[in-house]
Each structure stands twice: as structure tokens, then as C-alpha cells.
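Here is the structure we will look at.
None of the figures in this text is laboratory data; all of them are computed from the coordinates on show. Computed from a predicted structure; not experimentally measured.
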Amino acid sequence: MGRFDGGNGGRGFGGGNRGGGGFRFNMGPREMHKAVCSDCKKECEVPFKPTEGKPVYCKDCYPKHKKF
Ligand SMILES: [Zn+2]
């Protein structure tokens, strides 16, 4: 088994581990960040902090640009 890697290319949350619980998908408050999709230019919200200079894709376009 490999490790879990979302291919996000470095998470810029500046914290590493948050320590604690197993609530990743259950009830953790999920911050959404407004962004403009680099592909369709649609305004969207992403569950991660958009990095300046990096393209952000909406959920429709993201799979198209996701590379393994
Ligand atoms: Zn898009």
C-alpha cells in the first residue's frame, strides 16, 4: 500500500498535522475558499486555500486536469 496522497502538491496550511481526532469527513468545519476556475473562469469554492500563481479548478474541471 502506498501512502495517501491526494496529489495536491504541498498543502499550504502551514501546520502539518492538526493532531487529534478522526473527523476528517464527518463533522469537521470545512473552510471553503472562493476562487475562480482557471479553466472555465467560473466562480467556485474550493475546500483548500487557493495558492497564488497556481491554477484552481472547479469541481467540473478539476478531474480534467488531475494527473497521476
Ligand atoms: Zn471550471
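Please list, in chain and number order, the residues 5+ apart from CYS44 or on another chain whose amide H is under 5 Å from its amide H, with Hs placed from the backbone.
When sequence neighbours closer than 5 places are left aside, the close amide H contacts are ALA35, VAL36, CYS37.
For region 37-51, just list the computed ³J(HN,Hα) in residue order, Karplus coefficients 6.51, -1.76 and 1.60, θ = phi - 60°, integers in Hz, with x standing in for Gly and Pro.
4, 6, 9, 9, 6, 7, 6, 8, 10, 10, x, 9, 7, x, 9
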